[in-house]
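One structure below.
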Amino acid sequence: MSTAERREHAYDLARVRSDFPILARSVHDKPLVYLDNAASSQKPRAVIDAESRVYEECYANVHRGVHELSMKATDAYEGARAVIQRFLGAASSEEIVYTRGTTEAVNLVASTWGRKNVGAGDEILITGLEHHSNIVPWQLLCEEKGAQLRVVPISDAGEVALEAIEKAITPRTRLVSVAHVSNALGTVLPVKRIAALAHAHGALMFVDAAQSVPRMTVDVRDLDCDFLGFSGHKAYGPTGIGALYARAEHLKAMPPYQGGGDMILSVTFEKTTYNDIPYKFEAGTPNIAGAIALGAALDYLTHLGLDRIAAHEDALLAYATEQASKIEGLTLVGTAREKVGVLSFTLEGIHPHDIGTVLDYEGIAIRTGHHCAQPVMDRFGIPATARASFGLYNTFEEIDALVAGIRKVQEMFA
Ligand code: 7TS
């Protein structure tokens, strides 16, 4: 995109920033520079208000009461499910299951679809750049079933070759499960093409969309995936709420996840019949206000425009990469051609935790550590990285502050 086109597509950044009350605060007497968006993003007023409005105006339990408040709460809760459905391009809102987030979406599929469909000698295929939440649930399943977890390696740039994935799929592969965007490296995986490969070999496809949903258009029918999970809190919504998208035919065939209220049609001590999808997978009183506020967050993103958000973040990452490359002793970890959202790096002779601590005193929030992707660190032979991750409200001046902060770290540890 040219500079002129970018300007035309850009939104009013100052106005957008004013939508996020927390961005006005200072940290250690410095203006807050929040660059930890891959871990969790800040919330706009629209989300904060949506959540408090539920408790002030229409709070009651859902799917239960005939009284006015319960019906209002149910309407808003189901309305938010329809927002998620449209946001993801799903065919029907019965394909949207509320979960606590991405982690629970993976665990739900592993322990329901997985327990039913994966047997001894079968294989689950993942890549070397996965977050722990897209590794451990499959390990647990494989251990229980005598199945095998296979891993497609990543290159020095942090990419995964399509040919390597194709080679790793065998007639025993039941599921391919990959991140759309790596949280540690920023690599964008070609999930649409990976889904086509999986299907061509009779396997299903799970997309971990935790990092893509907040920063690019994600359309489940275009990707043609079977399952997709994301977290509300990374998409400017509340914590403790997210969703699993799954094709209706899979949900109908899958056994229930947890047992309890709301997931049943009838219960006797002899036999229980289960509710229709998606409720079959939603036992117990859910995060009602959180779900409704997640709907408000996705509406906010839609209103701003996912392509404008993506263009802005691309420009931020390009600028940050250019500036960081000028710093002697700084090594970028993750240099994929298709990359978004995060800038992971190490500084020669300085532990990432020291980088994070010094930057914090400058008011700059980044994450340091293994980012719940220890195999990625092992692959690059490092214990940790420092990671700046961008959001729709970050500015070019904030990247300048980051760069100045990094230089200060180097001076202190010289
Ligand atoms: N998958 C990816 C790609 C992620 O980045 C994360 C969280 C998860 C799954 C798990 O999401 P949750 O909401 O269920 O916890 N990633 C990070 C991170 O990069 N820093 O903190 C959490």
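The values are calculated or read from the model by the stated rules, or taken from the named source; none is laboratory data. Computed from a predicted model, the values in this text were never measured in an experiment. As a convention, Cβ positions derive from the backbone with ideal geometry for all residues, glycine included, and neighbour counts pool all protein chains shown. What goes into the accessible areas is simple: the full protein's heavy atoms, side chains included, and nothing from ligands, DNA or RNA. Shrake-Rupley method; radii C 1.70, N 1.55, O 1.52, S 1.80 Å.
Of the residues making up segment 161-188, those that are surrounded by fewer than 22 Cβ atoms within 10 Å (Cβ to Cβ), in contact (Cβ under 8 Å) with a residue 24 or more places away in the chain and more than 14 Å from the ligand (Cβ to nearest atom) number 10.
Out of everything in segment 35-93 that is of a type in the set (Lys, Arg) and not in a helix (DSSP H, G or I), what residue ends up being nearest to the chain's Cα centre (by Cα)? Explain how you work it out, then say what you get.
Step one: list which residues in segment 35-93 are of a type in the set (Lys, Arg), which gives 43, 45, 53, 64, 72, 81, 86.
After this cut, where a residue has to be not in a helix (DSSP H, G or I) as well, the list is 43, 64.
Details: 43: 15, 64: 31 Å.
Among those that are of a type in the set (Lys, Arg) and not in a helix (DSSP H, G or I), it is 43.
With respect to residue 373, is the statement that it is of a type in the set (A, V, I, L, M), crowded, with 23+ Cβ neighbours inside 10 Å, over 21 Å from residue 318 (Cβ atoms) and modelled with pLDDT of 95 or more true? Talk me through it step by step, then tell me what you get.
Values: of a type in the set (A, V, I, L, M): yes; crowded, with 23+ Cβ neighbours inside 10 Å: yes; over 21 Å from residue 318 (Cβ atoms): yes; modelled with pLDDT of 95 or more: yes.
Considered against the rule, which asks whether it is of a type in the set (A, V, I, L, M), crowded, with 23+ Cβ neighbours inside 10 Å, over 21 Å from residue 318 (Cβ atoms) and modelled with pLDDT of 95 or more, residue 373 comes out as yes.
Is it the case, given these coordinates, that residue 385 is surrounded by 18 or more Cβ atoms within 10 Å (Cβ to Cβ), closer than 19 Å to residue 128 by Cβ and more than 16 Å from the ligand (Cβ to nearest atom)? Let's see the steps before the verdict.
Details: surrounded by 18 or more Cβ atoms within 10 Å (Cβ to Cβ): yes; closer than 19 Å to residue 128 by Cβ: yes; more than 16 Å from the ligand (Cβ to nearest atom): no.
In short, no.
In this entry, residue 191 is excluded by the filter for residues that are of a type outside the set (S, T, N, Q), near the ligand (Cβ under 10 Å from one of its atoms) and without any contact (Cβ under 8 Å) to a residue 60 or more places away in the chain. Here is the figure for segment 84-107: residues that are open to solvent by 40 Å² or more (accessible area, probe 1.4 Å) and either β-branched (Val, Ile, Thr) or within 8 Å of the ligand (Cβ to nearest atom) (or both) total 2. Within segment 52-59, identify whether any single residue is touching an Asp or Glu at 6+ places or on another chain (Cβ under 6 Å) and either in contact (Cβ under 8 Å) with a residue 60 or more places away in the chain or open to solvent by 20 Å² or more (accessible area, probe 1.4 Å) (or both), and answer yes or no. Checking segment 52-59: not a single residue is touching an Asp or Glu at 6+ places or on another chain (Cβ under 6 Å) and either in contact (Cβ under 8 Å) with a residue 60 or more places away in the chain or open to solvent by 20 Å² or more (accessible area, probe 1.4 Å) (or both).
Identify, from the list 224, 208, 262, 219, the residue that is within 25 Å of residue 118 (Cβ to Cβ) and either polar (S, T, N, Q) or more than 16 Å from the ligand (Cβ to nearest atom) (or both).
Numbers: 208 fails: either polar (S, T, N, Q) or more than 16 Å from the ligand (Cβ to nearest atom) (or both); 262 fails: within 25 Å of residue 118 (Cβ to Cβ); 219 fails: within 25 Å of residue 118 (Cβ to Cβ).
Result of the check over 224, 208, 262, 219: 224.
Table: residues versus (1) over 21 Å from the mean Cα position of the chain (by Cα); (2) polar (S, T, N, Q); (3) at negative phi.
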residue	(1), (2), (3)
322	yes, no, yes
331	yes, yes, yes
335	no, yes, yes
338	no, no, yes
344	no, yes, yes
349	yes, no, no
352	yes, no, yes
355	yes, no, yes
358	yes, no, yes
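Starting from residues that are among the aromatic types (Phe, Trp, Tyr) and at pLDDT 95 or above, keep the ones in segment 1-50 and report whichever is farthest from the ligand (Cβ to nearest atom). Among residues in segment 1-50 that are among the aromatic types (Phe, Trp, Tyr) and at pLDDT 95 or above, the one farthest from the ligand (Cβ to nearest atom) is 20. Each residue in segment 108-139 was checked for being part of a helix (DSSP H, G or I) and away from the ligand (no atom under 16 Å from the Cβ), and 6 of them qualify.
Restricting attention to segment 260-280, which residues are open to solvent by less than 70 Å² (accessible area, probe 1.4 Å), assigned to a loop (DSSP other than H, G, I, E, B), over 24 Å from residue 225 (Cβ atoms) and not acidic (Asp, Glu)?
To start, the set of residues in segment 260-280 that are open to solvent by less than 70 Å² (accessible area, probe 1.4 Å) comprises 260-264, 266, 272-273, 275, 277-280.
Still in the running and assigned to a loop (DSSP other than H, G, I, E, B): 260-263, 275, 277-278.
Keeping just the survivors that are over 24 Å from residue 225 (Cβ atoms) gives 260-263, 275.
If the condition is that a residue be open to solvent by less than 70 Å² (accessible area, probe 1.4 Å), assigned to a loop (DSSP other than H, G, I, E, B), over 24 Å from residue 225 (Cβ atoms) and not acidic (Asp, Glu), then 260, 261, 263, 275 are the ones that fit.
Given the criterion within 30 Å of residue 35 (Cβ to Cβ) and of a type outside the set (D, E, K, R), identify the matching residue among 257, 279, 274, 236.
Working: 257 fails: within 30 Å of residue 35 (Cβ to Cβ); 279 fails: within 30 Å of residue 35 (Cβ to Cβ); 274 fails: within 30 Å of residue 35 (Cβ to Cβ).
Testing whether each residue is within 30 Å of residue 35 (Cβ to Cβ) and of a type outside the set (D, E, K, R) leaves just 236.
Taken over segment 333-350, the residue count meeting the criterion of being surrounded by fewer than 19 Cβ atoms within 10 Å (Cβ to Cβ) and in contact with a strand residue (DSSP E or B) (Cβ under 8 Å, 6 or more places away or on another chain) is 2.
Against the condition in contact (Cβ under 8 Å) with a residue 60 or more places away in the chain and either of a type in the set (Ser, Thr, Tyr) or under 19 Å from residue 200 (Cα atoms) (or both), how does residue 125 come out, does it pass? Steps first, answer last, please.
Values: in contact (Cβ under 8 Å) with a residue 60 or more places away in the chain: yes; either of a type in the set (Ser, Thr, Tyr) or under 19 Å from residue 200 (Cα atoms) (or both): yes.
Yes, satisfied.
Listed conditions (1) open to solvent by 10 Å² or more (accessible area, probe 1.4 Å); (2) in contact with a strand residue (DSSP E or B) (Cβ under 7 Å, 6 or more places away or on another chain); (3) assigned to a helix (DSSP H, G or I) are all met by residue 355, apart from (1).
Among residues of segment 260-287 that are on the phi > 0 side of the Ramachandran plot, those with a Cβ under 7 angstrom from a residue that is of a type in the set (Phe, Trp, Tyr), sequence gap 6+ or separate chain, pair up as 262/279. Taking the options 248, 311, name whichever one is surrounded by fewer than 17 Cβ atoms within 10 Å (Cβ to Cβ), away from the ligand (no atom under 16 Å from the Cβ) and modelled with pLDDT of 95 or more. Of the residues listed, the single one that is surrounded by fewer than 17 Cβ atoms within 10 Å (Cβ to Cβ), away from the ligand (no atom under 16 Å from the Cβ) and modelled with pLDDT of 95 or more is 248.
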